[in-house]
C-alpha cells in the first residue's frame, strides 16, 4: 500500500473531525528518476463520494506513460465549497513544493479529473494564485496553478440546464448563492492563462450532459488556449478507462498521444 501524505498535518481548514474523510491526502505513485512530469488525479462521485475505478487505475496508467501520479482524497459532502478547492490547491502546492524530494519537474504538474472530479480540476485550472510570499507555511508560498488539465466527462457548469444537479447541491447546497453558481461555472472563468487542456465526453452521457465539455472547449477556443476535445457518439457516464467499451476504450491512447505532444509523457 502506498503511503498517504496528509495535505495538512495539523488539520485541514474547516475540518469538522479527525476521520480520513476530514483529512485530505495524496496517495503517491512515484516513478524512479529525476525531473519527471506528475499528474494529480481527482476521482468523480458527485461531490458525495470518490469512485475507486477513477483513482488508482488511472495513476497506474499514468505510470505506464512515464508520469508520476498522485490520487487525491478531497473532501466531499457534507463538506461544501471551498473545502474541495482548498484541497486540490494544497495538493498542487505540495507536489510542486516537494518536487525535488519526489523527483518531479515543478514546471510539469498536471491535474486530471472525472465527472465531479472534472469540475474540481476545471475549478483549480481557473481559480489559482501564485502563493503567499509572507506565509509561515512554506507550502503556502508555492503557486497552485496547474501546468496541464485533463477533464473526463466533467461537470463544468453549475448553471441550468446543463449542470449536474447532484454535484451542485452537494457542493453549494440546495439553494445556492447565485454569485457562487456563476463563479464556479468554470466556462465563465477561462482566461488566456488557463493551462492546455484535454477533454473527452460521450454525446449521449445520461449523467453529465456533453454541453459541459463543449462549453469549456468554446471558452478555451475564445481565449486561444490549446486544447484537444474528443466526443464519442455513445457511452454511459462514469466509464473510467472504458476498457469494456469498444467504442470509447481508445481514449487513453489518444490522451497519451496528446501528453507526448505537450511534453509530459514518454
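The values are calculated or read from the model by the stated rules, or taken from the named source; none is laboratory data. Since this is a predicted model, take the numbers as computed values, not measurements. Cβ atoms come from the backbone with ideal geometry, glycine included; neighbour counts cover every protein chain shown.
Checking the stated criteria, residue 202 turns out not to satisfy the condition of being closer than 16 Å to residue 148 by Cα, surrounded by 16 or more Cβ atoms within 10 Å (Cβ to Cβ) and touching a residue at least 40 places away in the same chain (Cβ under 8 Å). Checked against the criterion of being over 21 Å from residue 92 (Cα atoms) and modelled with pLDDT of 95 or more, the stretch 140-152 contains not a single residue that satisfies it.
One residue alone among 145, 96 is under 24 Å from residue 69 (Cα atoms) and in contact with a strand residue (DSSP E or B) (Cβ under 7 Å, 6 or more places away or on another chain), and that residue is 96. List the number of the failed condition for residue 207; all other conditions in (1) assigned to a loop (DSSP other than H, G, I, E, B); (2) touching a strand residue (DSSP E or B) at 6+ places or on another chain (Cβ under 8 Å) hold. Of the numbered conditions (1) assigned to a loop (DSSP other than H, G, I, E, B); (2) touching a strand residue (DSSP E or B) at 6+ places or on another chain (Cβ under 8 Å), the odd one out for residue 207 is (2). Quick check on the stretch 132-142. Is at least one of its residues without any contact (Cβ under 8 Å) to a residue 60 or more places away in the chain, in contact with a strand residue (DSSP E or B) (Cβ under 9 Å, 6 or more places away or on another chain) and on the phi < 0 side of the Ramachandran plot? Yes, some residue in the stretch 132-142 is without any contact (Cβ under 8 Å) to a residue 60 or more places away in the chain, in contact with a strand residue (DSSP E or B) (Cβ under 9 Å, 6 or more places away or on another chain) and on the phi < 0 side of the Ramachandran plot.
Would you point out the residue of the stretch 16-36, among those that are in contact (Cβ under 8 Å) with a residue 60 or more places away in the chain and more than 20 Å from the chain's Cα centre (by Cα), that is farthest from residue 60 (Cα to Cα)? Looking at residues that are in contact (Cβ under 8 Å) with a residue 60 or more places away in the chain and more than 20 Å from the chain's Cα centre (by Cα), I get 16. Check the stretch 43-59 and report whether any residue there is in contact with a strand residue (DSSP E or B) (Cβ under 7 Å, 6 or more places away or on another chain), surrounded by 16 or more Cβ atoms within 10 Å (Cβ to Cβ), modelled with pLDDT of 95 or more and more than 24 Å from residue 208 (Cβ to Cβ). Taking every residue of the stretch 43-59 in turn, none turns out to be in contact with a strand residue (DSSP E or B) (Cβ under 7 Å, 6 or more places away or on another chain), surrounded by 16 or more Cβ atoms within 10 Å (Cβ to Cβ), modelled with pLDDT of 95 or more and more than 24 Å from residue 208 (Cβ to Cβ). Filtering 29, 47 for residues that are farther than 18 Å from residue 154 by Cα and in contact with a helix residue (DSSP H, G or I) (Cβ under 6 Å, 6 or more places away or on another chain) leaves a single hit, 29.
Do the conditions hold for residue 184, that is, is it buried (at least 23 other Cβ atoms within 10 Å of the Cβ) and either in contact with a helix residue (DSSP H, G or I) (Cβ under 9 Å, 6 or more places away or on another chain) or within 24 Å of residue 265 (Cβ to Cβ) (or both)? Judged against the criteria, residue 184 is a match. When the stretch 216-266 is filtered for residues that are assigned to a helix (DSSP H, G or I), touching a helix residue (DSSP H, G or I) at 6+ places or on another chain (Cβ under 8 Å) and either farther than 15 Å from residue 199 by Cβ or modelled with pLDDT under 95 (or both), nothing remains. Please verify whether residue 97 is under 11 Å from the mean Cα position of the chain (by Cα), touching a residue at least 12 places away in the same chain (Cβ under 8 Å) and closer than 19 Å to residue 32 by Cα, treating the condition exactly as stated. In short, no. Any residue that is farther than 22 Å from residue 44 by Cβ, out of contact with any helix residue (DSSP H, G or I) (no Cβ under 6 Å at 6 or more places or on another chain), buried (at least 17 other Cβ atoms within 10 Å of the Cβ) and touching a residue at least 40 places away in the same chain (Cβ under 8 Å) - is there at least one of those in the stretch 107-128? Yes, the conditions are met somewhere in the stretch 107-128.
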